[in-house]
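Taking it in order: structure first as structure tokens, then the write-up.
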């Protein structure tokens, strides 16, 4: 049986039992993958990683697995099946050579979609995808459905595939890296949702076109019986519908034009769902407990995915009780009149602009930003910072690059209000300096506009460190 035609666990077990397998990149999703492949009876498994993954001593080392670690971890890549981590580009010469030599290239996420018997809802976007995915999962759970949430968040679902049944719902957040690997006929979610597209990960993708094309993969192979849900206010996302066979739904902060038969939109304080041209109020905007206009959009996207499955009562329950996701404009504490917020997820200038817009325009924000460089321009951030912030505390690889953008903007705008700009040598020093600059009534906001790599493993570690430091004041 061809790999792309596999649909059941028993079919995969028959396929893999006499094959050698390489797992490239031993991270969060691929550690459980190795255990899954062992249970399925793979003939021989080789695990490869550039890092010494056993240095910290918290990863098990099964004796029946071969390990190739260090700079030469991709040498002699010739196993029958190669599972690649999403963070490693598939067009590296070693992968192309292996494919030309007969190796099958795949990923943990591709295999999950081949085997998953559940109704699948896939969510992507430059911002808002984690919150939207989480809200969808919570609404479905509130309606009594059996729900599995994963993908780019939570626990990898492939290793739990035995417990996922037909009639269940699998809700998955998918990154551009994962979608880049899913560009094939086998990937077609029942519902595809795109929150927005803004420049991101341009240190990994060749250009903005490749990044957008990766996102577009989410709806590329859908059938007419599927649904694609798109942000009407984002012109590039709206255009995805032109290339999809699926039934189109839009979500919008404004009333949708009558020419669109399906969607969810805001009409003053009402959130209205339109289905086949018929309209029904689902909830009031004021019912949504989590603050911020961007979260109203996230809720409307989730409603478009669930209102005909879960019903209004479940949606209302979640709207009134959902408090948000960690590291996303998360209130940490108030100390001596200063409020501290952790928005470590903000790894692009666009996300930081959204975070600044969350707060009133009172020039009382001390913003901590900087980190590793994703090759994204910081120029769009300068107007928002000068308009809304009292101070910017910069750290990391990008600190001088951000400072130059701020200085250039001030130089070209005679009416630009004064902004305190401070350069710090470390993250800890930046948090300490932000605290020193803050007076009672001010806000200290961690919204880095950059990736975390170099100082931290990921944005979660960065956010937890911020909270730890803040709670020591």
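Fully extending the segment from residue 43 to residue 287 would add 82.4 nm, taking 0.36 nm per residue of separation and subtracting the current Cα-Cα distance.
Calculated FRET efficiency, residue 92 to residue 66, Cβ-Cβ distance, R0 = 22 Å: about 0.60 to the nearest 0.05. The label point for residue 100 and the one for residue 468, both projected 7 Å from the Cα toward the Cβ, are 4.7 nm apart.
With 0.36 nm allotted per residue and the present C-alpha distance subtracted, the residue 52-residue 432 stretch has 133.5 nm of extension available. Remark: relative contact order (region 330-470) = 39 percent; criterion is Cα-Cα distance under 8 angstrom and separation of 6 or more residues. Ordering 201-209, 78-86, 254-262, 102-110 by mean Cβ neighbour count within 10 Å, with the highest value first, yields 78-86, 102-110, 201-209, 254-262. In the chain, helices alone account for a calculated mean residue ellipticity at 222 nm of -9500 deg cm²/dmol, with every DSSP H run of four or more residues adding -39,500 (n - 2.57). Each 5 Å bin from zero up to the one holding the largest Cα-Cα distance in region 110-321 carries the following percent of pairs: 1, 8, 17, 21, 21, 16, 10, 5, 1, 0. Taking 8 Å as the Cα distance limit and 6 or more residues as the minimum spacing, I'd like the relative contact order of region 285-341 as a percentage. Rounded, it is 33 percent for region 285-341.
Dividing the mean sequence gap of close Cα pairs (under 8 Å, 6+ apart) by how many residues the chain holds gives a relative contact order of 11 percent. The equivalent ellipsoid that matches the C-alpha gyration tensor of region 183-266 spans semi-axes of 22, 17, 8 angstrom, in descending order. With neighbour counts taken as other beta-carbon atoms within 10 Å, the residues 126, 236, 225, 424 rank, fewest first, as 225, 236, 424, 126. By its C-alpha gyration tensor, with a ≥ b ≥ c as the square roots of the eigenvalues, how is region 3-106 shaped: rounded for a/c under 1.5, else prolate for a/b larger than b/c, else oblate? Oblate, because a/c is 1.5 or more while a/b does not exceed b/c.
Does the chain come out rounded, prolate or oblate, given a ≥ b ≥ c as the square roots of the eigenvalues of its C-alpha gyration tensor, rounded meaning a/c under 1.5 and, failing that, prolate meaning a/b above b/c? Because a/c hits 1.5 or more and a/b fails to exceed b/c, the chain counts as oblate. The packing ranking of peptides 19-27, 320-328, 66-74, 363-371, highest mean first, is 363-371, 19-27, 320-328, 66-74, where packing means the average number of other beta carbon atoms within 10 angstrom of each residue.
Region 435-458 and region 279-328 have their alpha-carbon centroids 28 Å apart.
Taking each residue as 0.36 nm, the span from residue 275 to residue 439 lengthens on full extension beyond its C-alpha to C-alpha distance by 54.0 nm. Evaluating kT/(6 pi eta Rh) at 20 °C and 1.002 mPa s, with the Kirkwood radius of region 330-470 over Cα pairs in the Stokes-Einstein relation, gives 147 µm² s⁻¹. Averaged over residues, the count of other Cβ atoms within 10 Å places the peptides 347-357, 284-294, 129-139 in the sequence 129-139, 347-357, 284-294, highest first.
The label point for residue 166 and the one for residue 4, both projected 7 Å from the Cα toward the Cβ, are 2.4 nm apart.
The numbers here are math on the coordinates, done by the rules we state, and not lab data. Note that the structure is predicted; figures quoted are calculated from it, not measured. Cβ sites come from the backbone with ideal geometry, for glycine too, and all protein chains shown count toward neighbours.
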